[in-house]
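Enquirer: Questions regarding the structure given below will be posed in turn.
Every number in this text was worked out from the coordinates using simple rules, so none of it is lab data. Computed from a predicted structure; not experimentally measured. When we count neighbours, we look across all protein chains shown, and the Cβ atoms used for this are built from the backbone with ideal geometry, even at glycine.
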Amino acid sequence: MGNNNEMIRDNLIPTFLYIWKGIRLEDEERYHSHDHIEMAFIMAGRGAYRIDDVVYEVEEGDVLLLNPGVRHQALVPKKGNLSNPAVEFFIGFSDIHFEGMEPNHFMIGDGSPIYRTSPDLRLKIFKLCACMWDEQMERKPERYFMLRTYLEQILLLLLRENMEPVSLRKEGYAFESVNKKYVVEQIIDYFETHYSEKISLDQIAENMYLSSFYISKIFKSETGDTPIRHLIDIRLDRAKKLLESGTEGSIQEVASMVGYDDAYHFSKLFKKKYGISPSQVRRAD
């Protein structure tokens with residue numbers, strides 16, 4: 001294949017076209033193809049694809065490589081069973097040419113349209129897809145070039161793994177647990193940053209393109225607690241620190257500082273956790 005460094009440096013200048021993220025709840029309407037490359041990463045769940053008249057099952061961590069002219073259609077594998085639907089992240093791009101590949105084509109592994117990544121690579125791609133989506137949503141200047149840079153990183157990571165001997169690849173833990181850990185870390189980070197605001201688990205789930213049921217389930221499995229209980233603990237801990245530090249203001253104002261409109265409800269939760277009321281903490285100080 002020649003010098004791999006030269007192959008990558010001279011040919012990795014893709015034209016970035018689009019990204020799309022969504023939950024697959026029904027079969028795609030059309031069996032179709034494109035004149036560009038479409039790459040999909042399964043961020044969570046399970047699904048199926050009809051590709052050139054062959055049906056492939058896909059799962060969390062799989063990469064789909066759909067080159068120009070390849071007919072494809074996303075499917076829901078089991079009608080009526082949507083408890084673990086596929087969360088798909090699509091990237092459209094063109095104008096690449098790697099040594100040993102046709103112009104405007106990208107093929108790795110054994111040439112199958114489905115590539116099953118290693119645990120280490122799966123987590124890296126998951127994070128890069130999340131960064132691309134954030135960049136798209138924030139709509140900052142020069143986002144095209146940022147999105148193209150993330151795409152280039154994904155392509156390089158796939159090429160690197162494909163060129164690395166199987167014996168040298170890291171044996172990581174299952175991607176399912178890595179993915180869960182990353183999602184839970186993102187939720188906790190959001191709680192710790194926005195605890196003073198109104199927080200809806202449904203809104204978080206919608207923004208992450210996951211179901212609130214799924215988020216609650218993996219949060220419980222990773223932390224032993226529910227998301228709402230964890231948020232309450234963060235809020236009450238911040239309130240206790242505020243009271244102990246001598247923060248001025250009424251109990252109602254302290255409650256508001258940590259995301260509660262109802263001072264009575266706040267005080268009830270506080271006493272249940274610490275055994276004393278907020279006003280008693282202030283007097284003790």
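Enquirer: With point charges of +1 on the Cβ of Lys and Arg and -1 on the Cβ of Asp and Glu, referenced to the Cα centre of the chain, which listed residue (ALA239, LEU123, TYR150) lies farthest in the positive direction of the dipole?
Expert: Farthest along the dipole direction, towards plus: ALA239.
Enquirer: For the chain, with the dipole built from +1 on Lys and Arg beta-carbon atoms and -1 on Asp and Glu ones, taken about the Cα centre, which of SER212, GLY61, SER33 lies farthest toward the positive end?
Expert: It is SER212, whose Cα lies furthest towards the positive end.
Enquirer: Right, something else. Under a Cβ-Cβ cut-off of 14 Å, what is the net charge of the residues other than PHE93 that fall near it, where Lys and Arg count +1 and Asp and Glu count -1? Please report the intermediate quantities before stating the final value.
Expert: Details: positive: ARG148; negative: ASP35, GLU38, ASP95, GLU152.
Taking every other residue near PHE93 into account, the sum is -3.
Enquirer: What is the extension gain from ASP110 to GLU192, computed as 0.36 nm multiplied by their sequence separation minus the C-alpha to C-alpha distance, in nm to one decimal?
Expert: The ASP110-GLU192 span can extend by a further 25.0 nm.
Enquirer: Right, next: Stretched out fully, how many nm does the piece from LYS271 to ARG160 gain, at 0.36 nm a residue minus the Cα gap?
Expert: Extending this stretch completely gives an extra 34.4 nm.
Enquirer: Find, among the GluC sites (Glu not before Pro) in region 53-161, those assigned to loop by DSSP (not H, G, I, E, B) with at most 15 other beta-carbon atoms within 10 angstrom.
Expert: Here the sparse-neighbourhood loop sites are GLU99, GLU142.
Enquirer: Only loop residues by DSSP count here, and only those with at most 15 other Cβ atoms within 10 Å; note down the GluC sites (Glu not before Pro) in region 184-228 that meet that. Can you show the working numbers first?
Expert: Working: sites: GLU185, GLU192, GLU197, GLU206, GLU222; in loops: GLU197.
Sites meeting the loop and neighbour criteria: GLU197.
Enquirer: Work out the FRET efficiency for THR247 and ASP202 from their Cβ-Cβ distance, taking R0 = 35 Å, and round it to the nearest 0.05.
Expert: On the way: r = 32 Å, r/R0 = 0.90.
That pair, THR247 with ASP202, gives E of 0.65.
Enquirer: Normalising by the residue count of the chain, find the relative contact order in percent from Cα pairs under 8 Å and 6+ residues apart.
Expert: Working: 412 pairs, mean separation 44.2, N = 285.
About 16 percent, as a whole number.
Enquirer: A further question follows. Hey, which lysines would be in cross-link range of LYS140, C-alpha to C-alpha under 20 Å, not counting anything within fewer than 8 residues on its own chain?
Expert: LYS21, LYS127
Enquirer: Roughly speaking, what is the centre-to-centre gap between region 96-161 and region 196-218 when only Cα atoms are used, to the nearest Å?
Expert: Taking the Cα centre of each part, region 96-161 and region 196-218 sit 27 Å apart.
Enquirer: A further question follows. Where a Cα-Cα gap under 16 Å defines reach, which lysines qualify for LYS240, not counting those fewer than 8 residues away within the same chain?
Expert: LYS268, LYS271, LYS272, LYS273
Enquirer: Please report the net charge: other residues with Cβ closer than 14 Å to the Cβ of LYS268, K and R +1, D and E -1.
Expert: +2
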